[in-house]
1. Which lysines, on any chain, are close to LYS402 with Cα under 27 Å apart, when same-chain ones fewer than 8 places away are left out?
2. Could you size up the charge dipole of region 186-283 around its Cα centre, putting +1 on the beta carbon of Lys and Arg and -1 on that of Asp and Glu, and report it in debye to the nearest 20?
3. How many angstrom lie between the C-alpha centres of region 376-418 and region 302-336?
4. For the chain, state what percent of all Cα-Cα pairs lands in each successive 20 Å bin, counting from 0 Å until the bin that includes the largest distance.
5. Angle between the Cα long axis of helix 356-368 and the longest principal axis of the chain, 0 to 90 degrees, nearest 10?
6. Along the positive direction of the dipole of the chain (beta-carbon charges: Lys, Arg +1; Asp, Glu -1; about the Cα centre), which of TYR118, ALA373, ILE346 reaches farthest?
7. Which residue, LEU310, LEU382, LEU66, has the most motion in a Gaussian network model of the chain that connects Cα atoms within less than 10 Å?
8. Within 10 Å of each residue's Cβ, count the other Cβ atoms and sort LEU31, LEU42, LEU404 from fewest upward.
Amino acid sequence: MNGISLADTAINSGEPVEDSRVLPKMRGEALLQHVQNEFIGLETKYQLACGARTTRRFLDSAASTLMMRAAHRASTAYLEHYSNTHSFTHFSARVSTELYAWAHHQMLDFFNAEREQYTCVFTGTGSTAGFNRIARAFSQLRGDKGRAVVRYEASGYRYSYHVYELELDAKGRVAIVDWIDYYQGDRFSAEAGLALVMAMPSKPATRNLLDNTTISDRDAFQVGELFKAVRDQNRARFFQIYDDLDQALHREKVIARLNLQLALQARDKARTENALQNLRQVFPDDALQSLRLVEFYIPMRRYQDAIDALMLLEEDLGIADGALGSLKAMAALADGNTTDAETFAIQATDAEPTLEVAWWSLLRSRTAAEDFAGATEAMSRLEDDFGLTLDAQKLSRDRFLKVLVDKPEYLAWRSSRD
């Protein structure tokens, strides 16, 4: 990228780096598309057994991330001045310190993260070191215990959350005590315990996983066979046993969750809907099941139930989350409640002003409410902060936003920016 020339200048002169001169003009999707092919090795080709040659598909970034060309050029130039950071006692240390700060700022700017609100932590190829550093910082404020909330994003505005419970051991090392997976709907320790029982499901161990520990030997045997079917990934056998179980066993929490898991794996729509309906009855007002239930409520057009589930999750996480706010706004909009939709969208942009989907939710909410002047405010942020171009052609392809194209507020806004 064009920032490397300035990095070279800083290395050669020892002058502080002006970040505004380094950042490319492009933002958002345009910037992502620019950098995604800038990694060494993507053009490598291999010959297949059939004789054809194909470009590699690199899928190992979690362990061995490919090097970016700009990073390679910058680090190679920097090696001539390699030294300790956080010091200005000699020229090499000063260059190292300046470039160390510059690298952090480049990452924050790339993700549109405000420097006053966010911190960049370099962890190498894994996340454990980063968690350790963060937890040590928290421990100074909270004693020997800490908590980290991590959001994961999938396609189609789908999110999952992990909450890691951390503590310092006697030697001052950070340890993950347990973690909660809000998409799977359970703690890691509980999942590990279930896996151990399923490996060899004795009747006593099987009973201990159930709320009703006084079930008959016959029922305990059947549940044990059910666990074996999960262990062996034999979905047909699982459903055969499940369908013959007493209804009271269907309401056991562990069985309700396994039934949903297997139904999703089988991509059986009818079974999945029945499993989600059962899950709702078995886990009333349980934040751990909120994400699963939202996927049930939305297709069923039960939008207020979806909003309630998302609010329950947000309360349980204990944070103001822009992604959840955006999802609530979209559900309220689908329910025809533009007032609540805008309220949720504003909460989302306030919680995470650098989250693109939050501004999209505000744009759609204000457009639906016919607040076209307010909609242009959201469009300004989307263009300025995320590198988008919301011209008439783009808006006309969106069935919710095409109404803006002929509005005086949009025309005046577009004219002022062209």
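Values quoted throughout were computed directly from the atomic coordinates according to the rules given, and no laboratory measurement underlies them. What you see is a predicted model, and the numbers here were worked out from it, not measured in a lab. Cβ sites come from the backbone with ideal geometry, for glycine too, and all protein chains shown count toward neighbours.
1. LYS328, LYS394
2. With Lys and Arg at +1 and Asp and Glu at -1, about 240 debye.
3. Cα centres, region 376-418 to region 302-336: 26 Å.
4. All Cα pairs considered, the percentages come to 19, 44, 32, 5, 0.
5. Roughly 80 degrees between the two axes.
6. Final value for the positive-end residue is TYR118.
7. LEU66
8. Placing the least packed residue first, the sequence is LEU42, LEU31, LEU404.
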